[in-house]
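Down below is the structure, laid out as structure tokens.
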Amino acid sequence: MTPTMTPADYDAWYDTPRGRWVGETEFSLLHRLLAPQSGESILDVGCGTGWFTRRFASSNGWNVTGLDNDATRLDFARVHGRNERYLEGDARALPFADASIDCVVSIAALCFIDDWRLALAEMARVARRRLVVGLLNRHSLLWWEKGREGGTGGYRGARWHTADEISEALTALPLTHIQIRGALFMPGASPLARACERCLPSRLRLGGFLVAAADKRQ
């Protein structure tokens, strides 16, 4: 979220036709790879206004916690939430014990954290069963449109990862069965973009949105 964008403006974008399609496309892939079981605990790291947190909560019996370092976003999330809970905290020092959360998810938060590898290691530490992270893809049309020269709009200042980079980082952690999938192969929500999404397999690592998933090594 850019400094000039309020939490209400950010969340409202997901109610626009483009935002709704982008959000649901991302959530569908995230949820499929996370595969949470009913009643499992889920931690959403870098939850922001809670749009994805609410979606996970509605599909998982409400045992969901959102964590962010921005009190203003969390105030918005609490007002618009239901039974999920929200905590203020640092992704690089998560306030949870080892293996205390069944599933940990994070959507684009690592793109705005300088020491993103430390944050990723913290997510792996607290996860008991599974970890899924969504990232911006350096090898995508979206990067060419929004990410070059420091980025534009809501992408200003974001880090764009590559599939190889995130795979290497996950391999160094106590994780196994690493998968990387892609979505949003074309920027925007045009009929062509929607057709590409239906036709191209998610195993192609060319989408603007990368999702990396892994099991916690037992």
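Below are the figures for this structure:
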quantity: Hydrodynamic radius by Kirkwood, which averages 1/r over all alpha carbon pairs of segment 33-95, in angstrom; calculated: 11.5 Å
quantity: Sum of side-chain charges, residue 210 neighbourhood, beta-carbon under 15 Å (Lys, Arg +1; Asp, Glu -1); calculated: +2
quantity: Computed P(r) (all Cα pairs; segment 1-73; 10 Å bins; percent); calculated: 19, 49, 29, 3
quantity: Per-residue Cβ neighbour rank within 10 angstrom, fewest leading, 123, 5; calculated: 5, 123
quantity: Per-residue ³J(HN,Hα) for segment 17-24, Karplus 6.51 cos²θ - 1.76 cosθ + 1.60, θ = phi - 60°, Hz, x for Gly and Pro; calculated: x, 5, x, 5, 5, 4, x, 5
quantity: Net dipole in debye of the chain [+1 Lys, Arg Cβ; -1 Asp, Glu Cβ; about Cα centre; nearest 20]; calculated: 620 debye
quantity: Semi-axis lengths (Å, descending) of the ellipsoid that matches the C-alpha gyration tensor of segment 7-216; calculated: 24, 20, 17
quantity: Segment 155-215: projected area of the alpha-carbon convex hull, averaged over directions, in nm²; calculated: 4.9 nm²
quantity: The chain, helix-only ellipticity at 222 nm - DSSP H runs n ≥ 4, -39,500 (n - 2.57), divided by all residues, nearest 500; calculated: -10000 deg cm²/dmol
quantity: Low-density loop positions, trypsin sites (Lys or Arg not before Pro), segment 135-218 - DSSP coil, at most 11 other Cβ in 10 Å; calculated: 203, 217
quantity: Percent antiparallel among DSSP beta bridges (both partners in the chain, rounded to 5); calculated: 40 percent
quantity: Cα Rg, Dmax (largest Cα-Cα span) when computed across segment 75-161, Å; calculated: 15.0, 41
quantity: Listed residues 151, 46, 208, most fluctuating in the chain (Gaussian network, C-alpha, under 10 Å); calculated: 151
quantity: Amide H contacts of residue 185 (H built 1.01 Å from N, under 5 Å, at least 5 apart or other chain); calculated: 208
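No lab work stands behind these numbers, since they all come straight from the coordinates. The structure presented is a predicted model; accordingly, all values stated were derived computationally and were not measured. When we count neighbours, we look across all protein chains shown, and the Cβ atoms used for this are built from the backbone with ideal geometry, even at glycine.
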